[in-house]
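To start, the structure itself, in structure tokens.
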Amino acid sequence: MRYEVQTYTLCDGWLNTWHIEHHDGTVEYETFATSAEAQAALDEYLDDLWDEITAGQTHPEAFDTDRYRVAKVGAP
């Protein structure tokens, strides 16, 4: 199984909006081998977002942890 970080969107519900852009210009959705890896990536993202908020670079409403979750997805 693979895991992904999903973001809740008003129009489409829960989606994986995290992408990896390769050197050749191709793009794919980012997934993780374990839920722990996905959670660590989400925690790092939220820590960075909080740093931006406290520095005045991002509006505090952006920090809504209920908008994010780790979800199991199909086979590797």
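The values are calculated or read from the model by the stated rules, or taken from the named source; none is laboratory data. It should be emphasised that the depicted structure is a prediction, and the values quoted were computed from it without experimental measurement. Cβ coordinates were reconstructed from backbone atoms using ideal geometry, including for glycine residues, and neighbour counts include every protein chain displayed. Ligands, DNA and RNA are stripped out before the accessible areas are found, and what is left, the full protein with its side chains, is counted by its heavy atoms. Shrake-Rupley method; radii C 1.70, N 1.55, O 1.52, S 1.80 Å.
Taking the criterion of being assigned to a strand (DSSP E or B), touching an Asp or Glu at 6+ places or on another chain (Cβ under 7 Å) and either of a type outside the set (A, V, I, L, M) or more than 17 Å from residue 41 (Cβ to Cβ) (or both), the only residue of segment 5-23 that qualifies is 19.
In segment 46-74, the residues that are in a helix (DSSP H, G or I) and open to solvent by 70 Å² or more (accessible area, probe 1.4 Å) form Cβ pairs under 9 Å with partners that are at pLDDT 85 or above and among the aromatic types (Phe, Trp, Tyr), at six or more places apart or across chains, as follows: 66/8; 67/8. Here 42, 10 are screened, and the one residue that is out of contact with any helix residue (DSSP H, G or I) (no Cβ under 6 Å at 6 or more places or on another chain) and surrounded by 10 or more Cβ atoms within 10 Å (Cβ to Cβ) is 42. Of the set (1) open to solvent by 60 Å² or more (accessible area, probe 1.4 Å); (2) free of Cβ contacts under 8 Å to residues at least 40 places away in the same chain; (3) not in a strand (DSSP E or B), all apply to residue 28 but (3). Scanning segment 1-17 for residues that are closer than 12 Å to residue 73 by Cβ and touching a residue at least 12 places away in the same chain (Cβ under 8 Å) gives 1, 2, 3, 4, 5, 6, 14, 16.
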